[in-house]
């Protein structure tokens, strides 16, 4: 019986399934799941006088949220990170939607070329983009200054990246400029998937393009709005490279651009004279994990659940 | 009908979209073109007329000379290339095997494994960095390309498995059953299925590749040594040291951008088709 190869599923032990699954599962577990769990464990430990890490309960969390020195940085980074996220939500995603709406028009001349170019910045390294904008906005080179003077608004020029009031917003807008391609593409795909008959029927009924968009197309792409929102959220609370490249690990001026990623890096890796503190670092990572988890759960249960009713 | 003939309708319908799209195209292209252009100019011309393309009199390669004399940029390219290529091969091979097992066989724990392997799509691997660093130190892999390859493989697997699983379950059952009747082993059937999901594999490859090539975080933490520097980390370090040498800065930025730009232009169709996943006909 065991020798009939046609009945694979009836064989005593399916070794091939293990052979197929094991390599990926081992690498993934060892370098992703284990480190994540171990970091959570580490957040409950603190070094004692001999420098040995011992169990400390929730002590690190209490310090992070209430200690004078730690809590200022934590709440500051969290607030900045939310500002960073809201600028993406209200600049990147609406502009992305506008570009997608225009791109998805039927018989648009040059559609492929537009699409390719508009997505290009998204492909480049954040490090490179950060430096490029630093150069453009630099008063030393004067490109931004020169361009503003051609339209007569040079008096508005300021070294935006160096000012406490404007540095964070400027960085967020640089990031928006770079990543606008992602929401654009996702919205674009969703808009193209809408059946033509639906749109034509509305046109026959005399609806304008504006009404068609907001009454028919937008409700139909709401699931994509949810996906774009959660992707933006996770991406923003994981951001680091742009701030580190342009403002350094201290996220200056005066921590004005400090977000969770830079705070996490500084804490566990150390900077200048301060030594790294792995257990506090793990605590910050655990907080980031919690923040991302809350976002994902809100999306899954608060948004996606309701969306299923829209599916055709 | 009378609407279509009016001038304002024509403007709204045909001209306005192009004004907006073209305007945004300029915004998207300007910074990139500005850097490319100025990297081929003399220092004087960079400052005097930054918005002008290089001319015969202002053309200069001094920046590139500095970059190649003062840094090991060529080695950074080799490192990035090794990391990216090896990781992609590993991710695709291991990922395809796991995806095949999940999509082909019914076994207890199938759903659990699929969920377990998909967790990493939403949870950023960076959050486990402290323990990854300790693990890499314990394995004696600090400052090696191997460390980066292993971490990036773990990072790339969840999405790869998730996407390939969808595509593999669409391969007709009869095909596999026919092969089984002919006495092919399960491994052989996997080998027969692979070419059928080639388009999905190509798309996944690009998606896995870009974040690895562009990453700063893990090279900074796991492999900061000169010998293992990647293009992105190497450029970041070089730019930090040569801030005042504008020719060198612009040239190194250009060098770091060029490979991705070339790849993008070659594969943009494939990539965009991947993102829009079949919606584009």
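The values are calculated or read from the model by the stated rules, or taken from the named source; none is laboratory data. These numbers were taken from a predicted model, which means no experiment stands behind them. Every residue, glycine as well, gets a Cβ built from its backbone with ideal geometry; the counts of neighbours run over all protein chains shown.
Before we move on, is residue B:191 modelled with pLDDT of 90 or more, over 30 Å from residue A:191 (Cβ atoms) and assigned to a helix (DSSP H, G or I)? Against the criterion (modelled with pLDDT of 90 or more, over 30 Å from residue A:191 (Cβ atoms) and assigned to a helix (DSSP H, G or I)), residue B:191 qualifies. Does the stretch A:270-277 contain at least one residue that is at the interface with chain B (Cβ under 9 Å from one of its Cβ atoms) and either touching a strand residue (DSSP E or B) at 6+ places or on another chain (Cβ under 8 Å) or in contact (Cβ under 8 Å) with a residue 12 or more places away in the chain (or both)? Within the stretch A:270-277 (the criterion being at the interface with chain B (Cβ under 9 Å from one of its Cβ atoms) and either touching a strand residue (DSSP E or B) at 6+ places or on another chain (Cβ under 8 Å) or in contact (Cβ under 8 Å) with a residue 12 or more places away in the chain (or both)), the answer is no, since none of the residues qualifies. With respect to residue B:211, determine if the residue is outside any helix (DSSP H, G or I), more than 8 Å from chain A (Cβ to nearest Cβ) and touching a residue at least 40 places away in the same chain (Cβ under 8 Å). No; evaluated as a whole, the condition is false for this residue. When every residue of the stretch B:115-132 is checked against the conditions, none turns out to be surrounded by fewer than 22 Cβ atoms within 10 Å (Cβ to Cβ) and over 17 Å from residue A:33 (Cα atoms).
Among the criteria (1) within 30 Å of residue B:110 (Cβ to Cβ); (2) surrounded by fewer than 21 Cβ atoms within 10 Å (Cβ to Cβ); (3) more than 7 Å from chain A (Cβ to nearest Cβ), the one residue B:143 does not fulfil is (1).
The residues on offer are A:281, A:302, and the sole one that is crowded, with 22+ Cβ neighbours inside 10 Å, free of Cβ contacts under 8 Å to residues at least 24 places away in the same chain, at negative phi and in a helix (DSSP H, G or I) is A:281. Restricting the stretch B:245-261 to residues that are more than 9 Å from chain A (Cβ to nearest Cβ) and more than 24 Å from residue B:148 (Cα to Cα), the residue that is surrounded by the fewest Cβ atoms within 10 Å (Cβ to Cβ) is B:245. Of the candidates B:157, B:164, the single residue that is under 22 Å from residue B:214 (Cα atoms), buried (at least 17 other Cβ atoms within 10 Å of the Cβ) and assigned by TED's automatic domain parsing to the domain that holds residue B:98 is B:157.
When the criteria are applied in full, residue B:169 fails the requirement of being closer than 24 Å to residue A:23 by Cα, within 11 Å of chain A (Cβ to nearest Cβ) and surrounded by fewer than 15 Cβ atoms within 10 Å (Cβ to Cβ).
Of the residues making up the stretch B:230-244, those that are assigned to a loop (DSSP other than H, G, I, E, B) and buried (at least 19 other Cβ atoms within 10 Å of the Cβ) number 2.
If you take the residues of the stretch B:96-118 that are in contact (Cβ under 8 Å) with a residue 24 or more places away in the chain and facing chain A (nearest Cβ under 7 Å), which of them is farthest from residue B:215 (Cα to Cα)? Among those that are in contact (Cβ under 8 Å) with a residue 24 or more places away in the chain and facing chain A (nearest Cβ under 7 Å), it is B:100. May I ask you to say which residue of A:173, A:161 is assigned to a helix (DSSP H, G or I), surrounded by fewer than 18 Cβ atoms within 10 Å (Cβ to Cβ) and more than 11 Å from chain B (Cβ to nearest Cβ)? The match here is A:173.
Residue-level check: of (1) facing chain B (nearest Cβ under 10 Å); (2) surrounded by fewer than 24 Cβ atoms within 10 Å (Cβ to Cβ); (3) over 26 Å from residue A:185 (Cβ atoms), residue A:250 misses just (1). Being within 11 Å of chain A (Cβ to nearest Cβ) and either surrounded by fewer than 19 Cβ atoms within 10 Å (Cβ to Cβ) or farther than 23 Å from residue B:203 by Cα (or both) is the requirement here; does residue B:93 meet it? Yes. The single condition among (1) touching a residue at least 24 places away in the same chain (Cβ under 8 Å); (2) more than 10 Å from chain A (Cβ to nearest Cβ); (3) under 30 Å from residue A:45 (Cβ atoms) that residue B:87 does not satisfy is (3).
Can you tell me which residue in the stretch A:116-139 is farthest from the other protein chains (Cβ to nearest Cβ), limited to those that are farther than 19 Å from residue A:182 by Cβ and not in a helix (DSSP H, G or I)? Residue satisfying both the conditions and the ranking: A:139. Counting only helices (runs of 4 or more DSSP H) that fall entirely inside the stretch A:22-115 and contain at least 2 residues that are loosely packed, with under 15 Cβ neighbours inside 10 Å, the qualifying elements are A:34-42, A:59-66, A:68-87. Highlighted here are the helices (runs of 4 or more DSSP H) found entirely within the stretch B:1-92 that include at least 3 residues which are at pLDDT below 85: B:2-5, B:7-10. Considering A:207, A:190, the condition of being part of a loop (DSSP other than H, G, I, E, B) and within 12 Å of chain B (Cβ to nearest Cβ) is satisfied by A:207 alone. Note on the stretch A:96-111: among residues that are more than 8 Å from chain B (Cβ to nearest Cβ) and closer than 29 Å to residue B:208 by Cβ, the one that is farthest from the chain's Cα centre (by Cα) is A:111.
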